[in-house]
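Okay, so here's the structure we're looking at.
The values are calculated or read from the model by the stated rules, or taken from the named source; none is laboratory data. What you see is a predicted model, and the numbers here were worked out from it, not measured in a lab. Note that we place each Cβ from the backbone using ideal geometry, even for glycine, and neighbour counts take in every protein chain shown. Note: accessible area is taken over every heavy atom of the protein model, side chains too, but ligands, DNA and RNA are not part of it. Shrake-Rupley method; radii C 1.70, N 1.55, O 1.52, S 1.80 Å.
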Amino acid sequence: MPHAQSPLHSGFGAASTAHDVVAGIDLSGKTAIVTGGYSGIGVETTRALLGAGARVIVPARDMTKAKANLDGLKVDLVAMDLADPASIDGFASTFLTSGDPLHLLVNSAGIMACPLTRDARGYEMQFATNHLGHFQLTARLWVALKRAHGARVVSLSSLGHRYAQVDFDDWNFERREYDRWVAYGQSKTANALFALALDELGAPHGIHAYSVHPGRIITDLARHMSREELQRMGGVDDQGRPVADLSRGMKNTEQGAATSVWAATSPLLNDIGGVYCEDCDIAALMPDDEATVAGSGSLSFGVRRWATDPAAARKLWSLSEELTGVSLG
């Protein structure tokens, strides 16, 4: 059932790691797919789920990098590119052919603040990769999620959702000037709205969905930012080394993976879905009058009301079906 966007007081917090939140949870016999599971916090997500006994499948655009980063971990690596619809269909078709149920889908891959780029369909790349690729993947895997009789889908959003709502009149930046942070914010709001709509559709089938802000972690996700930009937002020190400062939401990768793993596994969420989570708990709503400066790395916490709007979530779902030509199977 839907739940108010208010904290549960889970017993975990910003300092908790992915290992902490999954301690004592047995995922033996469960299958998980983790997009981006070979980079940044995705590696720690993969590691934690494996440690709890799950079989983990990692779709990878860069197989060489994936093999190197996951060396020594018993994962199933399969090629897939979120910006290529045919690649997504191929990956999903292969999994569905196995007949296996899919218990956990963690949509962790993403890009951030890149220059204006468009995919082969002409879609702005941050919206296409962060949202539409995961929308298509989830829809294609719907049969396997239903087969689990109790699946969870985790959508990696970000505090960056505060930078922008989804502009339904010009989501593709055809009439307005492109701003890389507005585009990122739009895609992260889309990630949250996606989870809200998916949970509404999935709950009757035992499928719950969540969106999460992992924390501010300097990983390869920040490759389109200069060192000067990262220093201005307090993300790296004078030597360019990542900063971990929990008072400002700055986490290491083990802490950054914790909220994803918590949302994927916590018994506290057995009857709850559609919520935006941070610091291993359901986040509080932000005051409507609180300002956010795009690209600044706002120090406040919480979720914008626009990312929890059921009407906007349904509208985005319809738009996504139209843009991808895919609906729940």
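One residue stands out in the range 61-80 among those that are in a loop (DSSP other than H, G, I, E, B) and either aliphatic (A, V, I, L, M) or under 19 Å from Arg147 (Cβ atoms) (or both): the one that is most open to solvent (accessible area, probe 1.4 Å), namely Leu73. Out of Gly24, Gly29, one residue alone is under 19 Å from Ala257 (Cβ atoms), part of a loop (DSSP other than H, G, I, E, B), small (Gly, Ala, Ser) and open to solvent by 20 Å² or more (accessible area, probe 1.4 Å). It is Gly24.
Every residue, every condition in (1) basic (Lys, Arg); (2) within 23 Å of Val43 (Cβ to Cβ); (3) modelled with pLDDT under 60, yes or no:
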{"residue": "Tyr184", "(1), (2), (3)": "no, yes, no"}
{"residue": "Phe194", "(1), (2), (3)": "no, no, no"}
{"residue": "Asp199", "(1), (2), (3)": "no, no, no"}
{"residue": "Tyr210", "(1), (2), (3)": "no, yes, no"}
{"residue": "Gly215", "(1), (2), (3)": "no, yes, no"}
{"residue": "Leu221", "(1), (2), (3)": "no, yes, yes"}
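Annotation for the range 60-77: at least one member residue is of a type in the set (Lys, Arg) and under 19 Å from the mean Cα position of the chain (by Cα). Please determine whether any residue of the range 39-47 is closer than 12 Å to Leu105 by Cβ and crowded, with 23+ Cβ neighbours inside 10 Å. Yes, some residue in the range 39-47 is closer than 12 Å to Leu105 by Cβ and crowded, with 23+ Cβ neighbours inside 10 Å.
Here are some residues: Ser16, Ser6. Which one is open to solvent by 10 Å² or more (accessible area, probe 1.4 Å) and either in a helix (DSSP H, G or I) or modelled with pLDDT of 95 or more (or both)?
Ser16
Is it the case that Tyr184 is open to solvent by 10 Å² or more (accessible area, probe 1.4 Å), part of a helix (DSSP H, G or I) and on the phi < 0 side of the Ramachandran plot? Answer is yes for this residue.
The rows are residues; the columns are (1) among the aliphatic types (A, V, I, L, M); (2) in contact with a Cys (Cβ under 8 Å, 6 or more places away or on another chain); (3) over 22 Å from Asn270 (Cβ atoms).
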{"site": "Thr31", "(1), (2), (3)": "no, no, no"}
{"site": "Glu44", "(1), (2), (3)": "no, no, yes"}
{"site": "Arg61", "(1), (2), (3)": "no, no, yes"}
{"site": "Leu70", "(1), (2), (3)": "yes, no, yes"}
{"site": "Lys74", "(1), (2), (3)": "no, no, yes"}
{"site": "Asp84", "(1), (2), (3)": "no, no, yes"}
{"site": "Gly90", "(1), (2), (3)": "no, no, yes"}
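Of all residues in the range 187-219, those that are assigned to a helix (DSSP H, G or I), open to solvent by 30 Å² or more (accessible area, probe 1.4 Å) and touching a Leu at 6+ places or on another chain (Cβ under 8 Å) total 2. Evaluate the range 165-180: report whether one residue or more is more than 13 Å from the chain's Cα centre (by Cα), assigned to a helix (DSSP H, G or I) and more than 20 Å from Tyr210 (Cα to Cα). So far as the range 165-180 goes, yes, one or more of its residues are more than 13 Å from the chain's Cα centre (by Cα), assigned to a helix (DSSP H, G or I) and more than 20 Å from Tyr210 (Cα to Cα).
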